[in-house]
Each structure stands twice: as structure tokens, then as C-alpha cells.
Amino acid sequence: MSINKADVIQKDVDYSVPVAARPNFVLERGEGVTLYDTDGKAYTDWVAGIAVNALGYGDKELMDVVSQQMSTGLIHVSGLYHTQPHVELAKLLVDNSFADKVYFCNSGAEANEGAIKFARKVAYNNGKTNKIKVVSFTHAFHGRTMGALAVTPKDKYQEPFKPMVPGAVLGEFNDIASAKAVIDDDTVAVIVEPIQGEGGINVATPEFLQALRQICDEHEAILIFDEIQCGLGRTGDLWAHEASGVTPDIMTLAKPLAGGLPIGAILATEAVASSMKPGDHGSTFSGGAVVTRAGQVVVKRVLSDGFLDHVQEVGNYLIERLEELNSPHIVEVRGRGLMAGIELDIPTTGIVSSGYEHGLLLVNSGTNVVRFVPPLIIEKSHVDELIEKLTAILEDIDD
């Protein structure tokens, strides 16, 4: 049955809460790193559902595993019962990280909310009820639910929903002196992205993350690494924090973990996890069999021979080619692996919209950064296509 584009768009206007400004086309199907709209137009995808679709579109193994699990009828039973897919994904994550235990949830924001609760429970168990401050950093993005929003310091996101959850304290990203000034004995947790996604593709220096580890230890604060966007192979390492030589007490995951199905995860040390008891936290949809089977496919693929090497190789090539772009509007190219951005001295809106005309799906990161977070299976040939089209887009803007 054919899809009527105009009808879909009008119904979206009529029936959807207007929190997204969507372009004037309707996506219908995907294959590899390409999406197709209802008119048959192809778009090379540099968004990947906002760093979600690590294996691209139409991955046979992923679709087969999800279909097989659906066919058992065991789709959802809640977190009240044991299921094999749930525990197998938990073991896979523990075996390949610093963590001793895993808690599954449904999104990145939910993972960060849970991580803050875990940290506060540790302090509570230690009789330190004064420890309520949660430190985050400039340009951070940790989610839009109320607790996560409190540590996402952007007026545009916070202002309509104030007052924020109390206890949030702001430090300067990549500034060790600032971190020392705001973290004290009343700090229960420090949350930071090893590479900031929504805030502009800002890479935390190893020295900054190392200092945070030391300062948190001095003040008995829980160090949380938010790897919701930068984790699970995106940077060319399995975890973005590996480059710093530092491990956190908690790491939050979400976006790519189930290949496009909704999932989040809190990975924690035994010292943190043991503070939580039955009834302290929960979620109806936590650790569903279908999403955790999908998660196993994604994690095993990222761990497979040559996969991370491919991300590093193509990621390095992407950044090299972006640096070759010749435009007076480019301020800086930055990133690591297949998480890159170009900062401009103009808003990105026109570039993103021009991308649609050229068959590119692009997304901003803040007001002035174009972000590139494609499926991790992207090839150098796609990079070449991107650079050719970006060159034309930037030239059109200059004219």
C-alpha cells in the first residue's frame, strides 16, 4: 500500500504534540546507511537516529534475532522474573567493562536519573544525608526528564520548567580548577560526558577526567560517565573513557545499545550496586527479552574482529576530509572516531536543510555545530560523497 506523504504530514500536525520541527518528507524504508522517502529519494544518513543505529538499516542478523525472539511470544514479562536474554546481555556488558553489575531501563535520560539515585543511595547508606549536590559541566546534555534536566545547563531547555530539582551545581568543562572549586564533601555525584554530544562535540581531555577521578575519591563522590552518545564503539574504542585511562563508578548507556530499539543501562561497580536493595528502583519495561536479545547482537558485532578498527580508520578519514573543507565559516573541526563536528560562525539551520536537497541527513549540535554520528558501518566512499556535497552547500551559502 502506497503512503500518501501529504496525508502523513497533515496527520502529524493534527495529532502529534509539536515538540519537533520535521522536514517536509516522510521516510519509508532503509538499507545499509541509506534512507528512502515516499517519493523514492535517497538520503545518506549522517544522523543514525541521533547516534542510535550503529548497524545501519536492514541488518539481517539483528532483524532475524528480533523476529525469532518475538516468535517465542516472550516479548515482555517485566523485571519481576528471570529471562535468559536479560542476564546474557548483562554478563556481556560486565565482561567487557569496568562494571560488576548492570541495571536495564528504557532510555538515556532514565539511565541518568537512575545513576543519580544510585549515588544518593550510597551516601544514604553511609549516613551522609548531607551529600546531595550533583555536579555537571558547561555544555552538558544528560536528558530532558526533571532530574536529568537539572544537570543539563541550557536555559532553552530549563527555563519553562523551573524550578529545577535542587542540588545541581555547575562547573566549567575541561577546567580542573573549576572542578576543584565546585566539588566538595557535600557532592554526592559528578556526571560528565567523555565527549559531549548535544553540547558541540567537545572532547574531555584525559587530564580533566583523571582529575575528576582524583577529586571524587577525595570527597567520596560517585563519578558517573555518561556514554549514552559516545559509548559502545562510537569513538573507535569500545568505551570513550578508555583513552583517559580512568574508570568511573557508574557508566550510563542507551542510544546504540539495542540497534534502534529503546533501551538504557546503568553499569556500576559492586560498591555502588550493593547499596541498592529490592524496591529501591524499578521500571515496568526494564530488560525486556526482545531489546536485550537485540543488544547482544549489537555488542557482539562491535566486539567482532576488525569492527573497531574500521570505526577508527573511517573516523580518522572523516575528520581529515572535514579539515580539507575550505570555507571562511568553519571555525574548528573536532571529534574522535565516528563522532565528529564542524563548528561554524553561522547557524547550522541552512546547512541541515540544504543537506536534504543534496540527499544528506545532517543534524546540529547546539546552534553552530554540524554533527556527524553515522551508522558505524559507514565507508570511506560515503565520506567522499559527504565532502563533495558539503563543499557545494558551503559554496552556496557564500554566494
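Only the coordinates and a few stated rules stand behind these numbers; no lab work does. From a predicted model like this one, the values you see are computed outputs, not experimental measurements. Neighbour counts run over all protein chains shown; Cβ positions are idealised from the backbone, glycine included.
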Hits in region 1-34 - residues which are among the hydroxyl-bearing types (S, T, Y) and within 23 Å of the chain's Cα centre (by Cα): T34
Output for region 12-27, where each listed residue is farther than 15 Å from T349 by Cα and part of a loop (DSSP other than H, G, I, E, B): S16, V17, P18, V19, F25, V26
Failed condition for T187, given (1) closer than 23 Å to R120 by Cβ; (2) of a type outside the set (G, A, S); (3) surrounded by 19 or more Cβ atoms within 10 Å (Cβ to Cβ); (4) under 23 Å from the mean Cα position of the chain (by Cα): (4)
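Okay, residues lined up against (1) touching a Lys or Arg at 6+ places or on another chain (Cβ under 9 Å); (2) among the polar types (S, T, N, Q):
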position	(1), (2)
F225	no, no
C230	yes, no
A240	yes, no
T252	no, yes
K277	yes, no
V291	no, no
Tally, over region 251-306, of residues that are in contact with a helix residue (DSSP H, G or I) (Cβ under 8 Å, 6 or more places away or on another chain), of a type in the set (A, V, I, L, M, F, W, C), buried (at least 19 other Cβ atoms within 10 Å of the Cβ) and under 29 Å from L338 (Cβ atoms): 16
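So that you can scan it fast, the table gives a plain yes or no per residue for (1) buried (at least 21 other Cβ atoms within 10 Å of the Cβ); (2) under 22 Å from L35 (Cα atoms); (3) charged (D, E, K, R):
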| residue | (1), (2), (3) |
| --- | --- |
| T348 | yes, yes, no |
| Y356 | no, yes, no |
| V369 | yes, no, no |
| I378 | yes, yes, no |
| D384 | no, yes, yes |
| K389 | no, yes, yes |
Single unsatisfied condition, D184 versus (1) among the acidic types (D, E); (2) assigned to a loop (DSSP other than H, G, I, E, B); (3) under 26 Å from G335 (Cα atoms): (3)
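Return the only residue of T235, T284, T247 being β-branched (V, I, T) and in contact with a Ser or Thr (Cβ under 8 Å, 6 or more places away or on another chain). Even if it seems obvious, please write down each step before you answer.
Working: T235 fails: in contact with a Ser or Thr (Cβ under 8 Å, 6 or more places away or on another chain); T247 fails: in contact with a Ser or Thr (Cβ under 8 Å, 6 or more places away or on another chain).
Result: T284 is the single residue among T235, T284, T247 that is β-branched (V, I, T) and in contact with a Ser or Thr (Cβ under 8 Å, 6 or more places away or on another chain).
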